[in-house]
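Below is one structure, written out as structure tokens; comments come after it.
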Amino acid sequence: MPDQPDQPDQPGSSDEAGPAGAGTSGAPVAEPPVLAAPPTSPWADGLGRTATRSLQLLLLVLLGVVVVYACLQLRLVVVPLLLAALVAAAAAPLVRWLVGRGLGRGVATGLVLLGGAVVLTAVGWAVVGGVRDQWPQLQASAQEGFAEVQRFVVEGGLPVSDAQVEQARDAAVGVLTGAGFRSGALAGLGVITQVATGTVLALFLLFYFLKDGPRIWAFLISGVHGPRHRRLERVGQRSAVVLGGYVRGTATVALVDAVLIGAGVAVVGVPLALPIALLTFVAAFIPIVGAVAAGVVAALVALVTVGPVSALVVIGIVVVVNQVEGNLLQPVLLGRALSLHPLAILLALTAGTVLGGVVGAVLSVPLAAVAWAAVVTWNAEKRVAPAALPPQPGAAAEGAPGA
């Protein structure tokens with residue numbers, strides 16, 4: 001029989017049946033969708049995990065708010081505690097040096113506190129004596145300066161008359177002699193009582209921090225064992241080093257600023273040079289704004305007592321000293337003790353000022369530096385394997401009496 005021509009495949013033939021036929025035809029075959037198993041918990045999917053993290057964050061924020069509120073309510077205890085911790089961290093090396101010379105820890109602590117009291121008394125006596133001797137001159141210069149300012153306001157083209165100036169002055173006198181001022185003065189007596197109580201408490205806390213600081217920290221972490229205990233030891237040591245370095249470095253910078261600005265003000269002929277120097281020293285403990293505030297006060301005193309030219313000279317001196325402080329003294333003396341970004345310093349300073357006023361401004365930056373150092377140290381120690389940690393034979397001895 002003659003060869004038959006190839007016939008086209010019929011639908012339903014065996015070539016298209018089955019997986020082999022599908023592969024030879026070239027037509028794609030859609031696989032049936034595979035549905036994921038439903039989550040065993042409504043918190044197991046992505047949205048649930050996000051909600052869990054958000055809830056944890058809200059709980060942490062709530063805990064922080066409660067802690068801050070409790071600290072504000074107990075500020076009569078918290079503020080002396082923090083101030084004593086700052087001073088103890090700065091003076092601890094001197095106590096250790098005296099102990100290394102053979103003195104007992106209690107005797108060394110007493111000598112350090114006595115020396116500090118003598119220095120503060122001498123400075124206070126010098127400041128009070130300087131203000132008392134120069135007060136008549138300052139009062140006369142202030143009256144002349146006020147008259148000059150009044151004459152400038154009235155005759156300088158401003159829409160202000162002598163009668164309006166007199167009314168403003170009478171209103172200020174009325175405020176100072178009114179019932180509101182007297183009630184404020186009575187409230188000030190309560191504040192003075194609280195300050196005195198806090199000072200006495202801070203002195204007692206400072207004595208025990210200097211005398212038994214290592215033992216106190218060892219007691220606080222005695223309930224933690226193993227690698228966590230070693231990490232907490234390192235956190236305590238590093239926090240004390242950072243806090244002490246910050247306070248000593250800031251005090252040195254403040255002393256240099258006070259000497260330079262006080263000497264410059266004295267050379268210009270501005271009275272109250274020693275009180276201005278003391279104010280500069282105290283204000284230097286408030287980063288960023290402290291030096292500016294001290295410079296403004298010095299310039300105002302120079303403007304009222306000496307004249308505008310001397311005030312401009314004082315402003316120039318303050319600017320030069322601030323540049324030397326920011327570019328030379330702080331990087332050299334503080335070093336890594338204040339390893340915070342300026343934005344973090346500004347935020348901590350603002351929060352501390354809002355919550356605690358001047359005291360909060362002084363405490364906020366060192367506390368932020370210590371908190372950051374503690375976090376960094378904890379994470380660094382956590383990355384070290386427990387087996388690689390060297391034995392610490394002094395850990396138990398540190399917590400023993402007499403350490």
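The values are calculated or read from the model by the stated rules, or taken from the named source; none is laboratory data. It should be emphasised that the depicted structure is a prediction, and the values quoted were computed from it without experimental measurement. Note that each Cβ is placed from the backbone with ideal geometry, even for glycine, and that neighbours are counted across all protein chains shown. Note: areas computed on protein heavy atoms with side chains; ligands, DNA, RNA excluded. Shrake-Rupley method; radii C 1.70, N 1.55, O 1.52, S 1.80 Å.
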Open item on the list: Restricting to segment 351-362, and then to whatever is surrounded by 15 or more Cβ atoms within 10 Å (Cβ to Cβ) and of a type outside the set (A, V, I, L, M), can you tell me which residue is modelled with the lowest pLDDT?
Closed with: G356
TODO: Residues being of a type outside the set (V, I, T), open to solvent by 30 Å² or more (accessible area, probe 1.4 Å) and touching a residue at least 12 places away in the same chain (Cβ under 8 Å): count how many of those fall in segment 288-311.
DONE: 1
TODO: Determine if segment 297-304 includes at least one residue that is part of a helix (DSSP H, G or I), modelled with pLDDT under 80, over 16 Å from the mean Cα position of the chain (by Cα) and under 23 Å from P136 (Cβ atoms).
DONE: yes
Open item on the list: Being in contact with a helix residue (DSSP H, G or I) (Cβ under 7 Å, 6 or more places away or on another chain) and open to solvent by 50 Å² or more (accessible area, probe 1.4 Å) is the requirement here; does R228 meet it?
Closed with: no
Open item on the list: Please count how many residues of segment 254-287 are open to solvent by less than 50 Å² (accessible area, probe 1.4 Å), of a type in the set (V, I, T) and under 13 Å from A302 (Cα atoms).
Closed with: 5
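Pick from L278, L255: which is under 22 Å from A91 (Cβ atoms) and free of Cβ contacts under 8 Å to residues at least 40 places away in the same chain? Walk me through how you get there before you give the answer.
Numbers: L278 fails: free of Cβ contacts under 8 Å to residues at least 40 places away in the same chain.
Answer to the check: L255.
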